[in-house]
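This report refers to the structure that appears directly beneath it.
Since every read-out is calculated from the coordinates, none of them should be taken as a lab result. Computed from a predicted model, the values in this text were never measured in an experiment. For neighbour counting, all protein chains shown are included, and Cβ atoms are generated from backbone atoms with ideal geometry for every residue, glycine included.
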Amino acid sequence: MRISSLVTRIIQQLRRDRRTLALFFLAPLLILTLMYFIFGTEASELKLVVTGSDQSTIAGLKKADFQVKEAEEFSRKKMIETNTDGWLQVEQGKMELTLLNDEPARAKAVQMQLMLGMQGHASKMPSIEAQYVYGDEGTKGFDTFSPMLVSFFVFFFVFLIAGIALLKERTSGTLERLLATPIKRHEIVAGYVIGYGSFALIQTIIVVLYAVNVLDIVLVGSLWLVLVTNILVALVALSLGTLLSSFATSEFQMVQFIPLVIVPQVFFTGIFPLDGMADWLQKIGKIMPLYYASDAMNGIMYKGFSFADVCLDLLVLVAFSAVFITINIISLKRYRSL
């Protein structure tokens, strides 16, 4: 009897909490749908540019399922601009292969398929020397997405801690008492952002230094630029977490935002290849902060990009934080009765 009463009370509570019910039933469907489309896409065809080769060799390469393009002149800069997987140079009987290696798995696939395409010319062709635009022959897949994980963990923990902290401020009545004073809404938001942001800054520095110096995660570019990028990531997470906390009534509901806000962004950080995704999926990724954070981090840490190369990504992160902070200021209006 007592057990049945407890069960009845829990069921009634959940029935009245429509937001929890919606998240409970719809969030798994959303994640499952994204996974269906993302894992259902095929990797894009390998691109190979060939200079100085004869037509019989070109024909053999095309049979190896390459997207082959002949060119009189080519360069590493063009490889990066056109996202070409490999560049085969044939000169005076020697062959040199330059691999983009932005995804080690694709670089290895280029080498394997090139060997298959050359099988009919084994007696004519010398050994192929390989060079790399990014990384080297020892580069592993983890080296390319480990920088993205740094930004993800900074974003995740700042988002969760900041959101729950502000939620406690609201549910305990502290925020309501603040709003009853002459203090302006933008001053409240600025105070919370600076206050929690100072701890987010310390956390970001610790995470980045630990990842680089202790875990020895690859770092080709500037450490200072890595820190700046992750500080902006923390600011976006802080402003978004405090914003969403205004729509939650408990810590449990704040945690429920994770499958709706955090998990979908993971699919667009570059951990899963974006090139093979449908166009509409790639467009969805471009409205998510972690897409730009991961692009910047991968560029700085793995590819050695400078500030000019990642400037656009950083500006987008600044824009995201500015939008979230502005909405935060507007949303506080509904709590102020005076």
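A protection proxy built from the mean count of other Cβ atoms within 10 Å ranks the segments 134-144, 21-31, most packed first, as 134-144, 21-31. What is the sum of charges, Lys and Arg at +1 and Asp and Glu at -1, for the other residues whose Cβ falls under 13 Å from the Cβ of Tyr302? It works out to a net charge of -4. Its residue count N sets the reference 2.2 N^0.38 Å, and the alpha-carbon radius of gyration of segment 185-231 equals 1.44 times that reference. Couplings 3J(HN,Hα) of segment 255-261, computed from phi: 5, 5, 6, 4, x, 8, 10 Hz, in residue order, whole Hz [Karplus 6.51 cos²θ - 1.76 cosθ + 1.60, θ = phi - 60°; x for Gly and Pro].
Annotation: amide H-H contacts under 5 Å for Phe305 (H modelled 1.01 Å from N, sequence separation of 5 or more, or interchain): Ile300.
With the Cα gyration tensor of segment 123-253 in hand, give its eigenvalues times 5 under a square root as the equivalent ellipsoid semi-axes, listed largest first in whole angstrom. Don't skip to the end; give the middle numbers.
Working: eigenvalues 393, 40, 26 Å².
Rounded to whole Å, the semi-axes are 44, 14, 11.
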